[in-house]
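Engineer: Input: one structure, supplied below.
The values are calculated or read from the model by the stated rules, or taken from the named source; none is laboratory data. From a predicted model like this one, the values you see are computed outputs, not experimental measurements. Positions of Cβ are generated from backbone atoms using ideal geometry, with glycine treated the same way; all protein chains shown enter the neighbour counts. Just so you know, the surface numbers come from the protein's heavy atoms only, side chains and all, with ligands and any DNA or RNA stripped out. Shrake-Rupley method; radii C 1.70, N 1.55, O 1.52, S 1.80 Å.
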Amino acid sequence: MSVLDAKRHHEDLVEELIAEVEAYNPDLDRDLVRRAFEFAERAHAGQTRRSGEEFIHHPLGVARVCAELHLDERTIAAALLHDVIEDTGSELEELRAEFGDEIAQLVEGVTKLTRIRFQSREQAEAENYRKMIVAMAQDRRVILIKLADRLHNMRTIEYLGRQKQAQKARETLEVYAPLAHRLGIHALKWELEDLSFQTLHPRKYAEIKAMVASQRADREAQAEKAGSILAEELRKADVPADIAVRAKHLYSIYDKMAKRGREFNEIYDLTALRVVCERSEEDGTRDCYAALGLAHSLWKPMPGRFKDFIAMPKLNRYRSLHTTVIGPDGRPLEIQVRTREMHEDAEYGVAAHWLYKRGKDAKADDEWLAWVRSLMDSQQEEQDPGEYMRMLRTDLFQDEVYTFTPKGEMKVLPVGSTPIDFAYAVHTDVGHRTVGAKVNGRIVPLHYNLKNSDIVEILTSKSGRGPSRDWLALATSSRARNKIRQWYQRETRGETEAKGRESLDQALKAQNLPYRKLQGSSVLAQVIRETGFKKAEDFYVALGAGKLQPGQIVNKVIQRLKTDEGVTEPVVTTKPAKARTAVSSDRLGITVAGVEDVLVRLARCCTPVPGDPIVGYISLGRGITVHRADCPNVKALQRNPERFTDVEWEGGASAGFLVQIAVDAWDRSRLLEDVARTFAEHGANIVSYGGVVDDGMARNWYTAEVGEVKELRSLLTALRNLDAVFDAYRVTPS
Ligand code: MN
């Protein structure tokens with residue numbers, strides 16, 4: 001071909017593309033499409049594809065797939081330009097100047113996706129999915145162009161080497177076809193699957209193709225006969241509809257045979273009758289049910305084969321009525337009924353929202369964003385790539401079950417969902433408070449697998465109780481799994497423990513019991529032991545998580561107090577605490593805002609240690625007293641707000657800090673020795689101690705010098721882990 005011929009040939013091709021787009025978008029900006037084509041043509045000049053044809057045929061092919069999807073003109077332009085940054089020297093800035101932000105961003109998005117290399121290693125795979133999801137969140141059209149790109153490459157895959165072919169086909173089957181499915185673009189999904197199937201298993205493909213062909217004429221004749229009978233009935237009933245015979249795509253036949261173990265002749269829907277009702281909105285929907293009724297009056301429906309995806313759309317918004325009837329010649333025939341709009345949604349999925357004059361569907365966008373957001377949330381939380389892939393596969397590939405609340409509200413969940421998934425689908429709070437479930441009026445275990453049309457009632461506890469960790473094994477939906485995990489992140493064990501202590505205090509207070517005295521008393525310790533806990537911490541966590549009722553504990557305490565003498569007041573104290581003297585601020589490692597070398601002392605009431613949030617209070621003539629921010633005395637001093645000053649810890653404190661630590665333990669020999677050694681091991685210097693033994697329970701107080709809050713924490717943990725130690729904690733005034 002001469003240069004001039006090639007030029008003329010290109011012009012013809014771009015005119016064909018323009019004609020295709022104009023068929024659905026008469027207001028098309030032809031000039032935009034031409035400019036984009038010319039830009040790409042210049043950029044790719046001299047490049048050829050493996051097939052030997054000029055490279056420009058590839059972007060042109062991708063743009064034509066986008067036109068098949070009825071996408072808007074900017075997407076068409078971006079499709080023409082999608083490889084210019086990756087494969088030629090063109091700069092993004094150049095594109096932006098020439099075509100504006102929107103098109104440049106689309107091209108940039110596709111370029112980023114193109115640089116993703118999917119590998120078999122799961123780590124890399126998960127990482128690449130993450131990138132893909134981020135790209136989808138920015139603009140769905142990026143994924144649509146990428147899918148069109150992949151489809152065109154699959155259509156021309158024969159020119160690649162054998163190994164490369166297999167790799168691309170596998171990737172298409174594992175990544176791109178499921179994405180097309182999730183986006184509801186069945187037109188793309190089917191072709192991607194069949195092309196990959198043909199590449200990966202050429203013999204199996206040929207075999208199934210031959211089996212289908214051998215029966216095709218026969219089956220199609222039956223479908224056509226049925227179609228013309230139904231068309232006549234629809235005409236009499238004044239239901240405007242278009243009837244077509246549809247052949248099942250080969251990969252889905254293979255899938256049914258390979259994965260579900262069906263025999264070829266057990267697959268009823270090799271050919272199906274598709275009835276598309278032409279009227280829109282409610283009229284069309286009514287027509288669908290009318291058409292279905294007519295079909296069922298003509299031919300006997302097969303039990304269990306009727307599915308109403310209009311009343312219960314799939315997660316990817318697919319809507320249709322499906323039924324299988326015993327057709328006119330006595331063999332099963334599948335019939336699908338839908339309106340024109342539903343049909344477009346089914347063929348083009350999310351792409352349908354850029355269809356000419358359809359405008360944006362706000363609800364679909366919200367659902368889309370919610371879905372992408374949930375994927376992004378889970379990717380942030382899920383550190384284990386294997387688990388992340390498992391979850392993503394659930395979201396992308398799994399079938400759904402349709403379940404209902406007792407009020408009839410539908411919840412669509414992935415297959416394998418349990419009442420836990422259902423509870424979290426209703427509301428996070430319902431999920432957290434779940435204690436059991438009824439399905440169709442009967443109590444079921446929480447691992448029960450929900451089935452279609454189950455009516456699920458979640459039984460909840462009133463008190464705020466949290467999810468159990470075992471639930472992660474019971475939950476299938478990413479929503480439930482995320483919420484359970486989030487709960488564990490938020491409600492750290494420490495917080496739950498504090499909540500437990502607080503709730504017990506409240507309950508004791510409500511009974512006018514001396515709750516402060518009871519803390520750490522042998523009475524309470526005995527009650528805790530009786531409840532089955534060796535360590536106080538575990539007891540308070542259980543209490544905080546709502547697994548124990550504070551009321552029951554209080555009753556047990558009251559019973560014990562009635563039989564016992566009551567709480568013994570502990571009175572032993574030995575060595576007096578070292579007197580604290582005021583030191584200059586830099587020795588304590590405290591900075592006072594705006595002042596240098598000022599007299600600073602640590603408040604005796606709350607003995608702050610480095611790391612504690614602190615405030616400084618100007619005591620007249622005595623420098624600055626540093627309190628813990630949560631010290632109750634600080635609240636009292638708030639009357640003189642002008643006397644507060646900002647103070648901060650700085651690194652390199654050379655002095656130790658005095659803290660009081662209580663250690664409660666069941667008395668045993670050599671306990672004191674072990675405790676003292678633990679203090680020493682953590683570099684804490686005991687300056688004074690005291691204690692009392694009461695009913696087998698030893699309660700000891702230590703005043704010790706420690707360096708930092710961090711050290712204090714590890715010291716407390718070590719003390720708690722000592723044999724027979726029941727609780728160890730820092731004593732602060734309250
Ligand atoms: Mn490409």
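Engineer: With respect to residue 402, is the statement that it is buried (at least 17 other Cβ atoms within 10 Å of the Cβ), modelled with pLDDT of 70 or more and either within 30 Å of residue 69 (Cβ to Cβ) or not aliphatic (A, V, I, L, M) (or both) true? It would help to see each step written out before you state the result.
Structural biologist: Numbers: buried (at least 17 other Cβ atoms within 10 Å of the Cβ): yes; modelled with pLDDT of 70 or more: yes; either within 30 Å of residue 69 (Cβ to Cβ) or not aliphatic (A, V, I, L, M) (or both): yes.
Judged against the criteria, residue 402 is a match.
Engineer: Only one of 184, 161 is of a type in the set (Gly, Ala, Ser), at pLDDT below 85 and more than 16 Å from the ligand (Cβ to nearest atom). Can you tell me which? So that I can check it myself, show each step before the final result.
Structural biologist: Details: 161 fails: at pLDDT below 85.
One residue alone meets the criteria, 184.
Engineer: Mind listing whichever residues of region 521-555 are touching a residue at least 40 places away in the same chain (Cβ under 8 Å), under 16 Å from residue 692 (Cβ atoms) and crowded, with 21+ Cβ neighbours inside 10 Å?
Structural biologist: Once the filter is applied, which keeps residues that are touching a residue at least 40 places away in the same chain (Cβ under 8 Å), under 16 Å from residue 692 (Cβ atoms) and crowded, with 21+ Cβ neighbours inside 10 Å, region 521-555 yields 521, 522, 523, 525.
Engineer: In region 607-622, which residue that is surrounded by fewer than 20 Cβ atoms within 10 Å (Cβ to Cβ) and part of a loop (DSSP other than H, G, I, E, B) is modelled with the highest pLDDT?
Structural biologist: Within region 607-622, the match that is modelled with the highest pLDDT is 613.
Engineer: Another question, then. Can we say residue 274 is assigned by TED's automatic domain parsing to the domain that holds residue 326 and open to solvent by 60 Å² or more (accessible area, probe 1.4 Å)? Even if it seems obvious, please write down each step before you answer.
Structural biologist: Values: assigned by TED's automatic domain parsing to the domain that holds residue 326: yes; open to solvent by 60 Å² or more (accessible area, probe 1.4 Å): no.
Here the answer is no, as residue 274 does not meet what is asked.
Engineer: Could you say whether any residue in region 105-114 is more than 22 Å from residue 172 (Cβ to Cβ) and part of a loop (DSSP other than H, G, I, E, B)?
Structural biologist: No, region 105-114 contains no residue that is more than 22 Å from residue 172 (Cβ to Cβ) and part of a loop (DSSP other than H, G, I, E, B).
Engineer: Is one or more of the residues making up region 593-606 in a loop (DSSP other than H, G, I, E, B), modelled with pLDDT of 75 or more and open to solvent by less than 30 Å² (accessible area, probe 1.4 Å)? Don't jump to the end; show me each part of the working.
Structural biologist: The first filter runs over region 593-606 and keeps only residues in a loop (DSSP other than H, G, I, E, B), leaving 593-594, 596-598, 603-606.
If we keep only those that are modelled with pLDDT of 75 or more as well, we get 603, 605-606.
Those left that are additionally open to solvent by less than 30 Å² (accessible area, probe 1.4 Å): 603, 606.
Within region 593-606, one or more residues are in a loop (DSSP other than H, G, I, E, B), modelled with pLDDT of 75 or more and open to solvent by less than 30 Å² (accessible area, probe 1.4 Å).
Engineer: Considering every residue within region 476-495, establish whether at least one is more than 21 Å from residue 538 (Cα to Cα) and among the acidic types (Asp, Glu).
Structural biologist: No.
Engineer: Now for a separate question. Looking at region 114-158 only, could you name the residues that are open to solvent by 30 Å² or more (accessible area, probe 1.4 Å), β-branched (Val, Ile, Thr) and either more than 16 Å from the ligand (Cβ to nearest atom) or at pLDDT below 85 (or both)? Show your work before the answer.
Structural biologist: Residues of region 114-158 that are open to solvent by 30 Å² or more (accessible area, probe 1.4 Å), as a first pass: 115, 117, 119-123, 127, 130-131, 134, 137-139, 153, 155-156, 158.
If we keep only those that are β-branched (Val, Ile, Thr) as well, we get 134, 156.
The answer is 134, and nothing else.
Engineer: Still on this structure: Just wondering, is there one or more residues in region 7-30 that are away from the ligand (no atom under 16 Å from the Cβ), open to solvent by 20 Å² or more (accessible area, probe 1.4 Å) and β-branched (Val, Ile, Thr)?
Structural biologist: Checked against the condition, which is being away from the ligand (no atom under 16 Å from the Cβ), open to solvent by 20 Å² or more (accessible area, probe 1.4 Å) and β-branched (Val, Ile, Thr), region 7-30 yields no hits at all.
Engineer: With the checklist (1) closer than 30 Å to residue 410 by Cα; (2) surrounded by fewer than 18 Cβ atoms within 10 Å (Cβ to Cβ) in hand, flag the one item residue 431 doesn't pass.
Structural biologist: Only one criterion is unmet by residue 431, namely (2).
Engineer: For region 54-65, how many residues are in contact with a Ser or Thr (Cβ under 9 Å, 6 or more places away or on another chain) and more than 12 Å from the ligand (Cβ to nearest atom)?
Structural biologist: Adding up the residues that qualify gives 1.
Engineer: Let me ask you something else. Return the pairs, sorted by first residue and then second, in which the second residue is assigned to a helix (DSSP H, G or I) and of a type in the set (Lys, Arg), the first residue lies in region 62-85 and is modelled with pLDDT of 90 or more, the beta carbons are less than 6 Å apart, and the residues are 6+ apart or on different chains.
Structural biologist: 75/141
Engineer: What's the number of the condition residue 260 fails, among (1) more than 37 Å from the chain's Cα centre (by Cα); (2) open to solvent by 50 Å² or more (accessible area, probe 1.4 Å); (3) modelled with pLDDT under 90?
Structural biologist: With (1) more than 37 Å from the chain's Cα centre (by Cα); (2) open to solvent by 50 Å² or more (accessible area, probe 1.4 Å); (3) modelled with pLDDT under 90 applied to residue 260, the lone miss is (1).
Engineer: Considering only residues of region 193-223 that are among the small types (Gly, Ala, Ser) and either modelled with pLDDT of 90 or more or surrounded by 14 or more Cβ atoms within 10 Å (Cβ to Cβ) (or both), which is nearest to residue 150 (Cα to Cα)? Don't jump to the end; show me each part of the working.
Structural biologist: Here is the first cut: in region 193-223, the ones among the small types (Gly, Ala, Ser) are 196, 206, 210, 213-214, 217, 221, 223.
Subsequent filtering for residues that are either modelled with pLDDT of 90 or more or surrounded by 14 or more Cβ atoms within 10 Å (Cβ to Cβ) (or both) retains 196, 206, 223.
Working: 196: 11, 206: 23, 223: 33 Å.
The selected residue is 196.
Engineer: Could you pull out the residue among 77, 45 that is open to solvent by 10 Å² or more (accessible area, probe 1.4 Å) and more than 14 Å from the ligand (Cβ to nearest atom)? Before you say what the answer is, go through the steps one by one.
Structural biologist: Working: 77 fails: open to solvent by 10 Å² or more (accessible area, probe 1.4 Å).
Of 77, 45, the one residue that is open to solvent by 10 Å² or more (accessible area, probe 1.4 Å) and more than 14 Å from the ligand (Cβ to nearest atom) is 45.
Engineer: Give the residue that is most open to solvent (accessible area, probe 1.4 Å), with candidates limited to residues of region 80-99 that are in a helix (DSSP H, G or I) and away from the ligand (no atom under 12 Å from the Cβ).
Structural biologist: Keep residues of region 80-99 that are in a helix (DSSP H, G or I), which gives 80, 84-87, 92-99.
With away from the ligand (no atom under 12 Å from the Cβ) added as a condition, the list becomes 92-99.
On the way: 92: 36, 93: 114, 94: 91, 95: 2, 96: 66, 97: 91, 98: 85, 99: 25 Å².
My answer is 93.
Engineer: List pairs: first residue in region 27-41 and in the same structural domain as residue 97 (by TED's automatic domain parsing), second residue open to solvent by 20 Å² or more (accessible area, probe 1.4 Å) anywhere in the structure, Cβ distance under 7 angstrom, at least six positions apart or on different chains.
Structural biologist: 28/22; 28/73; 29/73; 32/73; 33/73; 36/99; 39/98
Engineer: Search region 183-192 for residues being within 29 Å of the chain's Cα centre (by Cα) and in contact (Cβ under 8 Å) with a residue 40 or more places away in the chain, and hand back the single one that is most open to solvent (accessible area, probe 1.4 Å). So that I can check it myself, show each step before the final result.
Structural biologist: Just the residues of region 183-192 that are within 29 Å of the chain's Cα centre (by Cα), to begin with: 183-190, 192.
With the extra rule that they be in contact (Cβ under 8 Å) with a residue 40 or more places away in the chain, the set shrinks to 183-188, 190, 192.
Values: 183: 4, 184: 1, 185: 0, 186: 19, 187: 38, 188: 6, 190: 65, 192: 0 Å².
Only one residue tops the list, namely 190.
Engineer: If I filter region 228-250 for residues that are more than 19 Å from residue 332 (Cα to Cα), modelled with pLDDT under 85 and open to solvent by 50 Å² or more (accessible area, probe 1.4 Å), do I get at least one hit?
Structural biologist: For region 228-250, residues more than 19 Å from residue 332 (Cα to Cα), modelled with pLDDT under 85 and open to solvent by 50 Å² or more (accessible area, probe 1.4 Å): absent.
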